[in-house]
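Values in this text are rule-based calculations from the coordinates and carry no lab data. What you see is a predicted model; the values in this text were computed from it and never measured. Please note: Cβ atoms are built from the backbone with ideal geometry, for glycine as well, and neighbour counts cover all protein chains shown.
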DNA sequence: CTAGGATCCTGTCAGC
DNA sequence: TGCTGACAGGATCCTA
């Protein structure tokens, strides 16, 4: 769920709300999620928020950064003066803020607060030096990402290097950064490729089509503010709407809108729900 | 090296 | 109405 478009949506929201706030205190309700010493944050001003594939970096004026991976159900919700207007709070914020799933609370100046909620507690938050962010344990291993260093020829090189099923390759963060299950399913449908097809067996035309499809579905996801079909919410507490525009993901049993000859089927590939049209994806 | 499965967790929903 | 079990997607780790 939180894939590149969702995390990009979070980043844009946090940039809007957090920048120029000073962190006054940090309340940690769950030590397992939080790595580092909160003293390294207190008194510092938030300078910028960056995204690396599905990971966020909140950069501070004292040279430290807070890196956050929300995994499946992590939510970052801001309350405070920069919201200016009515408060949204999606019912997907189970328990509310603060609530039983609030694990970290960043107390900001001028009455601002950033809550980290995470029902399944798979996500993590770490404090590292800003200068180390790009080479850090997780971020350092990420492959090039769409809209970043990934380009058509690099994409082709990556695709032709692996004999794994193409869907597995798309979702491998060390090969390409940012694509998860939803957008992998949709990009493969859009480019008419069977998710099981071995990566290196794709033709030049298929690689080109897939590259364009990946950019297209991610762009659509960003435009629609991400997919909120499970737990994703934006930092103001509202929902995205890409879930209303899924191409293949979750469409099991529905007639394929393109060929109108077959219904979408679901199977498991690499342990993940995989949706495809058996008629038009070859 | 790769393929496959278990693991981390809990809310939600289908089915009985 | 209430219970049970399957399922959700990100990433890592372990085994064969």
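Label separation (residue A:15 vs residue A:120): 2.9 nm, computed from points 7 Å beyond Cα along the C-beta direction. The spacing between the stretch A:1-38 and the stretch A:200-222, judged by their C-alpha centroids, is 31 Å.
Taking Rh as the Kirkwood radius computed over C-alpha pairs, what is the Stokes-Einstein D of chain A at 4 °C in a medium of viscosity 1.567 mPa s, expressed in µm² per second? Before the final figure, lay out each step's value.
Details: Rh = 19.6 Å.
D = 66 µm²/s.
Geometric descriptor of the stretch A:2-161, per residue, is 124 Å³ (volume of the convex hull of the Cα atoms).
Between 0 and 90 degrees, the angle of helix A:4-18 with respect to the longest Cα principal axis of chain A falls at about 20 degrees.
When each of the peptides A:55-67, A:130-142 is scored by the mean number of other C-beta atoms lying within 10 Å of its residues, the order from highest to lowest reads A:55-67, A:130-142.
Taking the mean number of other Cβ atoms within 10 Å as a proxy for protection, how do you rank A:19-30, A:98-109, A:227-238 from highest to lowest? Mind dumping the intermediate values first?
Working: A:19-30: 16.6, A:98-109: 18.6, A:227-238: 21.8.
The densest-packed peptide leads the list: A:227-238, A:98-109, A:19-30.
Compared with the dominant principal axis of the Cα atoms in chain A, helix A:152-161 is inclined by about 70°. Rounded to the nearest 500, the 222 nm mean residue ellipticity of chain A from helices alone is -6500 deg cm²/dmol, with -39,500 (n - 2.57) taken per DSSP H run of at least 4 residues.
For residue A:204 and residue A:88, compute 0.36 nm times the residue count separating them, minus their Cα-Cα distance, and round to one decimal in nm. Don't skip to the end; give the middle numbers.
Working: separation 116, 0.36 × 116 = 41.76 nm, distance 4.64 nm.
Here the answer is 37.1 nm.
In this label model, residue A:197 and residue A:137 are separated by 3.8 nm, measuring between points 7 Å along each Cα→Cβ vector. For the stretch A:152-276, the alpha-carbon coordinates run over 42, 35, 25 Å along the three principal axes, in decreasing order.
The angle between the Cα long axis of helix A:204-223 and the main principal axis of chain A comes to about 40°, on a 0 to 90 degree scale.
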